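To keep things clear, I will list the structure first and then write my remarks on it.
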Amino acid sequence: MKVTNKTRLNMVIGYPLEHSQSPVLHDAVYQLLGINAVLLAQPHLQLKSLIQTIKTLSVELTAVTSPYKEKVIKYLDQCSSEVSMLQAANTLIQRDGKLHGYNTDIDGIAFALRNIVVRNKRVVVIGAGGAARAMGYFLKKNKTKLLWMNRTKKKAIALAKEFGGDVICHDELNEIVIDIIINTTPIGMYPNVDVSPLPDYIFSAHQVVFDMVYNPMITQLLKQAKKHQAKIISGLDMFIAQGLKQIELLTGKRIPISPMIDKLRKVLIQNQRVTRI
Ligand code: NAP
């Protein structure tokens, strides 16, 4: 799509943004759907200035990433019920000068787990940051038996209080039957691709293992799980689905994910920042 004086300006904000795949993903979707828009990466340490820029330049869609998902809340004029519950937004849509906040990470999670029965399953969530909170929201809604595990135990305790479930530590893992394992930490992310949050003996064939890390697509955790014939799910599908939902919010038109997912996976994997290992 040629840039013209009708091109809509969108942004991704966060710091740092070197590894953000949002510009690549959005560009690919804009091309596929014929949307005359660009999404520019704006790494900046002053959120207040970024918000001012978004307003001055009438930026329509802003993708929000670490460390601003919680910090943007005070600048919102309106927000979805998910944002109000989680106090975290990954998407801003500007309408008539007003900023509306959404959390499409939840849509990404729902898509990634669309073929998995989570109800009444025993799920271990590793990590207790922003992504874990979105996960907790989804899993609580879907009535799973939650177990939280995190390096800083008090954060796991806080999530167990908020979303239900118990806190466990590494030593207790081999005493429980686990149905679903979800990694919400950056462990295994490029360039530290050889590490995993779990030892090999945890995995078995009946399990589902979902890693939110999407670079590389198949992490060390997923390799271990696959070796034991568990079903594996990469964070790449979540990433694509959360981005498509952002574009749905921008255009107001429903975007079916399934016809596009293979093409978008290819684009992101081919991009050199997503390393195939
Ligand atoms: P965050 O708020 O900074 O939380 C990170 C969590 O990981 C914390 O609980 C932290 O433990 C834990 N952690 C970090 N490094 C660790 C290490 N070396 N060993 C053990 N625990 C460690 O980050 P976030 O926003 O939740 O994001 C987490 C991951 O999810 C990132 O890799 C991000 O790329 C990914 N993510 C993917 C998608 C997607 O679309 N696929 C969307 C959102 C996020 P402490 O509490 O002890 O610090």
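The values are calculated or read from the model by the stated rules, or taken from the named source; none is laboratory data. Bear in mind the structure is a predicted one, so any value in this text is a computation, not a measurement. Cβ atoms come from the backbone with ideal geometry, glycine included; neighbour counts cover every protein chain shown. Calculation scope for accessible area: heavy atoms of the full protein, side chains included, ligands and nucleic acids excluded. Shrake-Rupley method; radii C 1.70, N 1.55, O 1.52, S 1.80 Å.
Here are a few things to note about the model shown:
- Unsatisfied cross-links (Cα-Cα over 18 Å) in the set LYS121/LYS154; LYS98/LYS253; LYS2/LYS98; LYS155/LYS231; LYS48/LYS71: LYS121/LYS154; LYS98/LYS253; LYS2/LYS98; LYS155/LYS231
- Across the chain, the mean sequence separation of Cα contacts (distance under 8 Å, 6 or more residues apart), normalised by length, yields a relative contact order of 15 percent.
- Under-5 Å amide H pairs with VAL167, H placed in peptide plane, nonlocal only: TRP148
- Separation of alpha-carbon centers, region 225-268 and region 1-72, rounded to whole Å: 19 Å
- Acute angle (nearest 10 degrees) that the helix 235-251 long axis makes with the longest principal axis of the chain, alpha-carbon atoms: 30 degrees
- Per-residue packing, averaged as other Cβ atoms within 10 Å, sorts the ranges 45-51, 250-256, 21-27 into the order 21-27, 45-51, 250-256, beginning with the highest.
- Alpha-carbon geometry of region 1-116: the Rg and the Dmax are 14.3, 45 Å, given in that order.
- Descending Cα extents along the principal axes, region 92-156, whole Å: 45, 31, 15
- Residues LYS145, LYS226, LYS2, sorted by accessible area with the largest first, give LYS2, LYS226, LYS145 [1.4 Å probe; ligands and nucleic acids excluded].
- Region 1-40: equivalent-ellipsoid semi-axes (sqrt of 5 x gyration tensor eigenvalues, Cα, Å): 20, 12, 6
- Rounded accessible area per residue of the chain, 1.4 Å, Å²: 50 Å²
- Inter-centroid distance (Cα atoms) of region 87-109 relative to region 149-183, Å: 28 Å
- Area projected by the alpha carbon convex hull of region 107-234, averaged over all directions, nm²: 7.0 nm²
- Convex hull volume per residue in cubic angstrom - Cα atoms of the chain: 130 Å³
- Sorted largest first by accessible area at a 1.4 angstrom probe radius, with every protein chain in place, the residues ARG114, ARG265, ARG151 fall in the order ARG151, ARG114, ARG265.
- Degrees, to the nearest 10: 22-33 long Cα axis against longest axis of the chain: 70 degrees
- In this simple spin-label model, placing a label point 7 Å from the Cα along the Cα-to-Cβ direction at both HIS170 and ASN5 gives a separation of 6.2 nm.
- Remark on ALA37: its backbone amide H falls under 5 Å from those of ARG8, a criterion applied only to residues 5 or more positions apart or on other chains, H modelled at 1.01 Å from N.
- The chain: antiparallel DSSP beta bridges as a percent of all, rounded to 5: 20 percent
- Peptides 211-220, 97-106 ordered by packing proxy, namely the average of other Cβ atoms within 10 Å per residue, highest first: 211-220, 97-106.
- Crossing angle, helix 153-163 versus the chain [Cα axis fit, 0-90 degrees, rounded to tens]: 70 degrees
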